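Student: Take this structure, written in structure tokens, and hold onto it; I'll ask about it next.
The values are calculated or read from the model by the stated rules, or taken from the named source; none is laboratory data. Computed from a predicted structure; not experimentally measured. Here the Cβ positions follow ideal geometry from the backbone for every residue, glycine too, while neighbour counts run over all protein chains shown. Heads up: the accessible areas ignore ligands, DNA and RNA and are worked out on the full protein's heavy atoms, side chains in. Shrake-Rupley method; radii C 1.70, N 1.55, O 1.52, S 1.80 Å.
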Amino acid sequence: MKKNIDHTDPAKTMNPKRGNGGETHQDADKKSQTLTTQQGVVISDNQNSLTSGSRGPTLLEDFVLREKINHFDHERIPERIVHARGSAAHGYFELNESLADYTTAKILCETNKQTPLFTRFSTVAGSKGSKDTPRDVRGFAVKIYTEQGNWDIVGNNMPIFFIQDAMKFPDLIHAVKPEPDRGFPQAASAHDTFWDFVSLSPETMHNLIWLMSDRALPRSLRMMEGFGIHSYRLINKEGISTFVRFHWKPVLGVQSTTWDEAVKISGADPDYHRRDLFEAINNEDYPEWEFGVQLFTEEDAEQFPFDHLDATKLIPEELVPVKIVGKMVLNRYPDNFFAETEQVAFCPSHVVPGIDFSNDPLLQGRLFSYLDTQLSRLGSPNFAQIPINAPKCPFANMQRDGHMQMHVPKGRVAYEPQSLDPEMPRESAKQGFVSYQEQLDDNVKGRVRADSFADHYSQPRMFYRSQTPYEQAHIASAYAFELGKVDTPHVRMRTLTHIRNIDEDLAKRVASALGMTLPEATAPAAAIQDMATSAALQTIGLSPNSLKGRLVGILVAKGSKRSEIEKYQTAAKAQGASVKIVAPGREVQLDDGTRIQSAERIAGAPSVFFDAVVSIIMPDQAKQLAKDSSTLDWFTDAYVHCKAIAYCGATDEFILSKLPIKKDDFITPLSEVDTFIENAKTRLWQREPKVRDLA
């Protein structure tokens, strides 16, 4: 916290001049670059078009105006059909334990070496301009610039997907997107077409219950797990294949918001996750994940009570432990959001020698679809030449021409075999990518789904029963909210027939919340198994008892004690938390006469932004703030969201005592700073049933 505010305006030293109409001009000097056109012609006036007289018509010959407007008119490119809303960062991958026994991929064999990467997180259903915090699956895509070529791990923050075959992907997305006759709802699954589709597609039930869980409401992009979803193959130097599933585990643990928080955050700050990622990296609080693998053989897979080629099935960690072998650290925000975050192109087909694909039918379809969509979105087969997509290892090929060709290939040869230029690129049997030579079990061609894919309820049941009671209540309430937005009665009823196959108590809770009678369960296509529960599937259970990565909000006003503010700042930061000062205005004078700048006005920073809150205000200010609805909501929301609150005497007398807040162990006076710090590491979930009616 700075002693005082610096109001010095740098614009005054940037050669300002005022034009005839009072417009501001700034002339270049030795400190700045000189503004030019695309052709390098220096621009003399960037404020006024060329006209015939001061009030006459604009002249067509003004090439500076034409170029500027023309480029502006074409600045937007088609947004991604899915995953349009994204945020990203640069970083590095480092392997700690070699997998040389399983693969020839150098990135998984050479330890203690930092390899650059670029990671993009995203929502799925919303447009590029939608909010960060809807109930949604999150994309988790990593591009690693290995010395053998780019390797893209294109996954989500959930280990499974809605569908088993890529044939159904257009149907799924058409169903979840805004309904085409009305153009809403945006970034939401709570509507008829989505639930009509999923209730007629039992394969969606597993990913659906994850969507209803706290996993769909991440507290931060830094606090999400990432999954490669599909089984892949690792191939070693003997040509032996081992199946693998890829995992990213956040060092900060898995943490989520409540639904009520997510709704309020989306209104107060639609860029909440993007801002959090930006600020964490700027503060050198670098997001970090452990990289893990689940390794298993064909023989192991035959013993699983499910088919691992089915993308709607996860492999419980109790069955195949996740072996942690490396880490990912994000340490640099993009220099330009469009050039990097928007133009980056991920494709599951981007693998390196030593890594191969399985026969998962959803993965097989993605191998085509992702390349196809990049061609459409980026407008050229040369999208790999865009810097964010270009390999950082040597590369050479016979590809020529095409829209936006940025390379200048030399020589007369663009084919092979050839005999005219011995220096042109040729294949390498020794170094090149070799597909695993799999022995197929049959040679029958047909549109037939494997009967081993028919069990649609066992894993959703395992997931639900693995949750804590608080998380189960959140899931039931999410179903009730979503289905409460569905207008078509038979769609609601049909969905309940599936939920009965997942868990009887869950079905009763949802039906009761909707005021509906419970229908008969739908007949399952395969016997439902009672699989062992898995603590690794929880969210609350995976949240660490730590302040690291959390954010504490301190409310201050005129006359607040600097010593108390600094005491709480020091204590919170010592535990790895960030702190933001909130005040009635952007500037506030403290008790020692100094004037500081708040991070936010209280009217623009509801307590849903913070993991715990502190109030340090004087009586006169407390009396005034007690009349302000945003201040009252600030405390009430912190309470109903089960957060720690530290209060001063004036806050207690004039605010807390007037609110429906019952003091418990997580509401402490300022003198108990150590107790507050310990409380702020988690939430008091026991408070939730007392303050919220959950299904």
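Student: Less than 15 Å Cβ to Cβ from ASN331, Lys/Arg counted +1 and Asp/Glu -1: what total charge do the surrounding residues give?
Tutor: -4
Student: Here is a further query. What nm distance separates the two modelled labels at ALA28 and LEU420, each placed 7 Å from Cα along Cα→Cβ?
Tutor: A separation of 4.4 nm, rounded to one decimal place.
Student: What is the Cα radius of gyration of segment 641-695 over 2.2 N^0.38 Å, N being its residue count?
Tutor: Expressed relative to 2.2 N^0.38 Å, the Cα Rg reads 1.18.
Student: Calculate, in whole percent, how much of the Cα-Cα pair population of segment 276-423 lies beyond 21 Å.
Tutor: Every Cα pair in segment 276-423 considered, those over 21 Å come to 66 percent.
Student: Treating only the Cα positions of segment 585-693 as identical point scatterers, give the base-10 log of I(q)/I(0) from the Debye formula at each q in 0.14 Å⁻¹.
Tutor: The computed values of log10 I(q)/I(0) come out as -0.56.
Student: Moving on to the next point. Using the alpha carbons of segment 57-133, what is the convex hull volume per residue in cubic angstrom, as a whole number?
Tutor: 201 Å³
Student: Here is a further query. What is the Cα centroid distance between segment 420-454 and segment 521-545, reported in whole angstrom?
Tutor: 35 Å
Student: Taking 25 Å as R0, compute the FRET efficiency from the Cβ-Cβ separation of VAL413 and ASN70 and round it to 0.05.
Tutor: 0.10
Student: Using every pair of alpha-carbon atoms in segment 113-249, split the distances into 10 Å bins beginning at 0 and state the percent of pairs per bin, rounded to integers.
Tutor: Per 10 Å bin, starting at zero, the Cα-Cα P(r) for segment 113-249 comes out as 11, 36, 33, 15, 5, 0 percent.
Student: Starting from 0.36 nm per residue, how many nanometres of slack lie between GLN186 and ASN359 once their C-alpha separation is accounted for?
Tutor: So the extension gain works out to 58.9 nm.
Student: With N denoting the number of residues in the chain, provide Rg(C-alpha) divided by 2.2 N^0.38 Å, to two decimal places.
Tutor: 1.08
Student: Okay, next question. At 1.4 Å probe size, put GLU23, GLU340, GLU299, GLU290 in order of accessible surface, largest to smallest.
Tutor: Reading off the accessible areas and sorting them downward yields GLU299, GLU290, GLU23, GLU340.
Student: Out of all Cα-Cα pairs in segment 231-285, roughly what percent, to the nearest whole number, are more than 19 Å apart?
Tutor: 58 percent
Student: Please report the equivalent ellipsoid semi-axes of segment 569-634, computed as sqrt(5 x eigenvalue) of the Cα gyration tensor, largest first, in whole Å.
Tutor: Calculated on Cα positions only, the semi-axes equal 20, 16, 11 Å.
Student: Determine how large the accessible area of HIS71 is when every protein chain is in place; take a 1.4 Å probe and give Å² rounded to the nearest 10.
Tutor: Estimated to the nearest 10 Å², HIS71 gives 100 Å².
Student: Something else now. At a 1.4 Å probe radius, carbon and sulfur cover how many percent of the accessible area of segment 391-491?
Tutor: About 51 percent, which is the carbon plus sulfur part of the accessible surface.
Student: For segment 337-388, report the translational diffusion coefficient in µm²/s to the nearest whole number, using Stokes-Einstein at 25 °C, 0.890 mPa s, and a Kirkwood Rh over Cα pairs.
Tutor: 202 µm²/s
Student: May I ask you to list the trypsin sites (Lys or Arg not before Pro) in segment 306-392 that are in a DSSP loop and have at most 14 other Cβ atoms within 10 Å of their Cβ?
Tutor: LYS392
Student: So, one more: As a test of the formula, what do you get for the chain when each DSSP H run with n ≥ 4 contributes -39,500 (n - 2.57) and the sum is divided by the residue count, at 222 nm and rounded to the nearest 500 deg cm²/dmol?
Tutor: -7500 deg cm²/dmol
Student: Excluding residues fewer than 8 places away in the same chain, name every one of the lysines whose C-alpha is closer than 29 Å to that of LYS106.
Tutor: LYS143, LYS237, LYS249, LYS323, LYS327, LYS392, LYS430
Student: Keeping every protein chain present and rolling a 1.4 Å probe, give me the accessible area per residue for the chain in Å².
Tutor: Here the residues of the chain average 48 Å² of exposed surface.
Student: With the Cα gyration tensor of segment 58-100 in hand, give its eigenvalues times 5 under a square root as the equivalent ellipsoid semi-axes, listed largest first in whole angstrom.
Tutor: They are 46, 16, 8 Å, listed from largest to smallest.
Student: Right, another one. Determine which residues of segment 602-630 fall in the zone a paramagnetic label at ALA268 would reach in this model, i.e. backbone nitrogen under 11 Å from the point 7 Å along Cα→Cβ.
Tutor: 602-613, 630
Student: Compute the signed sum of charges (Lys and Arg +1, Asp and Glu -1) over the other residues within less than 11 Å, Cβ to Cβ, of ALA454.
Tutor: My count for the surroundings of ALA454 gives -4.
Student: Computed over the Cα atoms, what is the radius of gyration of segment 1-52 divided by 2.2 N^0.38 Å, N being its residue count?
Tutor: Normalised by 2.2 N^0.38 Å, the Cα Rg of segment 1-52 equals 1.58.
Student: Return the loop-located GluC sites (Glu not before Pro) in segment 471-524 (DSSP other than H, G, I, E, B) with at most 14 other Cβ atoms within 10 Å of their own Cβ; answer none if there are none.
Tutor: Taking segment 471-524 and a limit of 14 other Cβ atoms within 10 Å, the loop GluC sites (Glu not before Pro) found are GLU520.
Student: Please report how far the C-alpha centroid of segment 31-76 lies from that of segment 121-142, rounded to the nearest whole angstrom.
Tutor: 37 Å
Student: In segment 485-613, if every C-alpha pair distance is counted and binned at 5 Å from zero, what percent goes to each bin?
Tutor: Whole-percent P(r) values from 0 Å outward: 2, 9, 13, 12, 9, 7, 7, 7, 9, 9, 8, 5, 3, 1, 0.
Student: What is the sum of charges, Lys and Arg at +1 and Asp and Glu at -1, for the other residues whose Cβ falls under 14 Å from the Cβ of ALA187?
Tutor: +2
Student: How do 28-34, 566-572, 122-128, 609-615 rank on mean C-beta neighbours within 10 Å, highest first?
Tutor: Most protected by this proxy first, the peptides run 609-615, 122-128, 566-572, 28-34.
Student: State, to one decimal in nm², a quarter of the convex hull surface area for the C-alpha atoms of segment 15-163, i.e. the direction-averaged projected area.
Tutor: Result: 16.5 nm².
Student: Follow-up. Could you give the nm distance between label points at GLN114 and GLN47, where each point is 7 Å from its Cα heading toward the beta carbon?
Tutor: Rounded to a tenth, the inter-label distance reads 4.5 nm.
Student: Also, I was wondering about something else. Return the loop-located GluC sites (Glu not before Pro) in segment 209-272 (DSSP other than H, G, I, E, B) with at most 10 other Cβ atoms within 10 Å of their own Cβ; answer none if there are none.
Tutor: In loop regions of segment 209-272 (DSSP not H, G, I, E or B), the sparsely surrounded GluC sites (Glu not before Pro) are GLU238.
Student: With the calculation restricted to Cα positions, what are the radius of gyration and Dmax of segment 420-481 in angstrom?
Tutor: Reported Rg and Dmax, both Å: 25.1, 73.
Student: Using a 1.4 Å probe and counting only protein heavy atoms, arrange LEU108, LEU371 so the residue with the most accessible area comes first.
Tutor: Final ranking, largest accessible area leading: LEU371, LEU108.
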